[in-house]
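The values are calculated or read from the model by the stated rules, or taken from the named source; none is laboratory data. Model, not experiment: these values are computed from the prediction. Here the Cβ positions follow ideal geometry from the backbone for every residue, glycine too, while neighbour counts run over all protein chains shown. For the accessible areas, the whole protein counts, side chains as well, though only heavy atoms, and no ligand, DNA or RNA atoms are used. Shrake-Rupley method; radii C 1.70, N 1.55, O 1.52, S 1.80 Å.
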Amino acid sequence: MIGPRLLVVAVAAATILVPAFPAAGSERAATVDGFAAAAGDGLATTTGGAGGRVVTATTLDDLRTYAAAAEPLVVRVRGSIVVTPFGDMIKVGSDKTIVGAGPGAEIVGGGFYLNQQHNVIVRNLTIRDSYVPGDWDGKESTNDNDGIRIDTSHHIWIDHNRIERVGDGAIDTRKDCDFVTVSWNVIADTNKALGLGWTTNVITHVTAHHNWIRNTFQRNWSIDNAAAAHLYNNYLQDVGQYGTMSRNAAKVVVQNSYFDHVNDPLVAKDAASELVQNGNVFVGSSGRRDTAGAAFDPAAFYPYAMDPAGQVPAIVRAGAGPQPAAHRRPARVVTVALDGSGDYGSLMGALGAHPRVIVLKPGVYREVVRVWEDMAGVTLVGAGRSPSDVVITYDLPAGGEKFYGGTYGSAGSPTFTTLGDDVTVRNLTLANSYDESVTPSQALAVRTVGDRAIFDRTRFVADQDTYKADSPNRDRVSRTYLHDCYIEGDVDFIYGRGTAVFDGCEIFSSDRGTPANNGWTTAASTSDDNPYGFLFTHSRFTSDAAAGSVHLGRPWHPGGDVRAIAQVVIRDSWLGPQIADPPWTDMSGFPWQQARFFEYRNTGPGAAVSESRPQLDPADAANFTRERYLAGTDGWNPIG
């Protein structure tokens, strides 16, 4: 850092003379606060380019020149500036205010880089679309495309920006930075949101408030070795892996924030990590909510006023991001492509735009996909000639260890999850490519939780636990209609408590190389008050396994739940020679005879009628049809 280590308590926020704009829900729009307003390292506060010339950048050359100039400047960015070469970082010097002039101000295909600078403000801009198609993990050597990267710099204020679909981190604050405030930003539709650290020194002081972090996966924040990280009134929504994490010797305080469908919302990762949390709201958020140590008292550093946590979603939705807000009407149909010819380069990015239809061009898309509740009603269509032309795949095992502890489980490992209702998927492949021969584990390709899901001409490919038909809880029924689909796996690869109809599907049992028992096709856990679990009709049960080595199913009682009474009907279907006799077996001490297993009018070498193969009575068969399984209380009928 520059200058002596010094921290003085700020007694008031500093008002910065920059071009102002109205910010719904925030009269503090033009006021720096938090640690960026504190004195230290030779500065009394953060003022940016105040006192310098006001200039306007309309081209990339202008912006590069002004941003790196030696003199203090207020740089107004007007219109859309496309960065070339793609992914390049625009270098920003000290004593700068870079501010968007109007709702169309944006940086496309690149970002800003502050290296050993001080006194910088970035406000009211959109920074977007530096994502490298196919590199969802951000691991390619040519991809370090951050939205804003800050190294060894101090007194930085990042305010009212929108950062979305970037190649790596949305905002990465690294290498002994200090006196940073991140406020009223929207971070969306990207894998990695906000990282802080990359240093063994415990130096950084950072404040983050009223940010909307939406449809992200990790680093929300990831805070490593911060001396004091104060996070309050932030809105985290639809986060796939983990929320806010304290790492190594970081001291973190999280207050009055709203966690909406966030997995592992608060994590203290290491023995020295400290995390204090109070006044937060958790909705639909499961997993860790850690507390550890005493951290620090934010009020000892600066004054601040918090909004009630319950009001945070409305306040942040209204006020975060560039102001005045641009009207962004969702497109009805968008395309995703790996070659740059689509509207988006990732399915995650396209889903965040809330279209009605997403068309995916041929290719292999390696990413974890969550169709969140607020994305209900979307249709995904593969544009290839066959389902195998468009592949969505990842390789998380259910038993795999997260780097911060615990396992992914059946909720964390699926490549594709539908949490919203009325999701339709057509003509593509959903796969979990985890190799169970390395370490045996379930590894889900698909999990459906929302109601009224449709899969048409879709392939599900994995090994154990390929497809989980789930529901929000045991008292709610979620229905899925699968037509002309292909489901491949080996052990319990169609399972769960949901209601699912497999109509004209191929159910393929992979050879595990164990002729005595090559696995089970189903493991239903239907609630006892639900008459309809799994129906297979006009389907084919095929395999490359030995004859007589594959069972049709066994009854799953999660956690020993005695009210989970499996319900499976296989009717009017063709059964290959792999089907064992008897085809149903016990599970965890629960006899299969207590389940609701039935067959009806099946054919093929694996079909038979015997005491160990209960058959529907012809008079009862009319109650076990596609329409009866799917009708529910609303009369849903997706057939045809």
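Tabulated data
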read-out	value
In the stretch 140-169, residue surrounded by the fewest Cβ atoms within 10 Å (Cβ to Cβ) [restricted to those that are on the phi > 0 side of the Ramachandran plot and part of a loop (DSSP other than H, G, I, E, B)]	152
Residue match in the stretch 124-139 (condition: surrounded by fewer than 24 Cβ atoms within 10 Å (Cβ to Cβ) and in a helix (DSSP H, G or I))	no
Options 454, 487, 507: the member that is farther than 19 Å from residue 638 by Cβ, at pLDDT 95 or above and of a type in the set (Val, Ile, Thr)	507
Failed criterion for residue 303 (all others in (1) surrounded by 14 or more Cβ atoms within 10 Å (Cβ to Cβ); (2) at pLDDT 95 or above; (3) over 20 Å from residue 220 (Cβ atoms); (4) not polar (S, T, N, Q) hold)	(1)
Residue satisfying condition, being touching a strand residue (DSSP E or B) at 6+ places or on another chain (Cβ under 9 Å) and within 17 Å of residue 533 (Cα to Cα), within set 579, 565, 639	565
Residue count, the stretch 542-566 (criterion: surrounded by fewer than 14 Cβ atoms within 10 Å (Cβ to Cβ) and either in contact with a helix residue (DSSP H, G or I) (Cβ under 9 Å, 6 or more places away or on another chain) or among the charged types (D, E, K, R) (or both))	2
All positions within the stretch 326-378 that are within 30 Å of residue 30 (Cα to Cα), in a loop (DSSP other than H, G, I, E, B) and touching a strand residue (DSSP E or B) at 6+ places or on another chain (Cβ under 9 Å)	326, 353
Residues of the stretch 402-440 classified as open to solvent by 10 Å² or more (accessible area, probe 1.4 Å), of a type in the set (Gly, Ala, Ser) and under 30 Å from residue 290 (Cβ atoms), total	6
Pair list, Cβ < 8 Å and 6+ apart or interchain, from the stretch 280-297 residues that are under 23 Å from residue 203 (Cα atoms) to residues that are modelled with pLDDT of 95 or more and charged (D, E, K, R)	292/274; 293/251; 293/274; 294/274; 295/251; 295/274; 296/251
Positions within the stretch 175-214 being surrounded by 23 or more Cβ atoms within 10 Å (Cβ to Cβ), charged (D, E, K, R) and more than 22 Å from residue 347 (Cβ to Cβ), in sequence order	178
Failed criterion for residue 593 (all others in (1) assigned to a helix (DSSP H, G or I); (2) open to solvent by less than 30 Å² (accessible area, probe 1.4 Å) hold)	(2)
Matching residues in the stretch 354-401 - criterion: being hydrophobic (A, V, I, L, M, F, W, C), within 30 Å of residue 439 (Cα to Cα) and open to solvent by 40 Å² or more (accessible area, probe 1.4 Å)	364
Complete set of residues in the stretch 582-602 that are over 18 Å from residue 532 (Cα atoms) and in contact (Cβ under 8 Å) with a residue 40 or more places away in the chain	585, 587
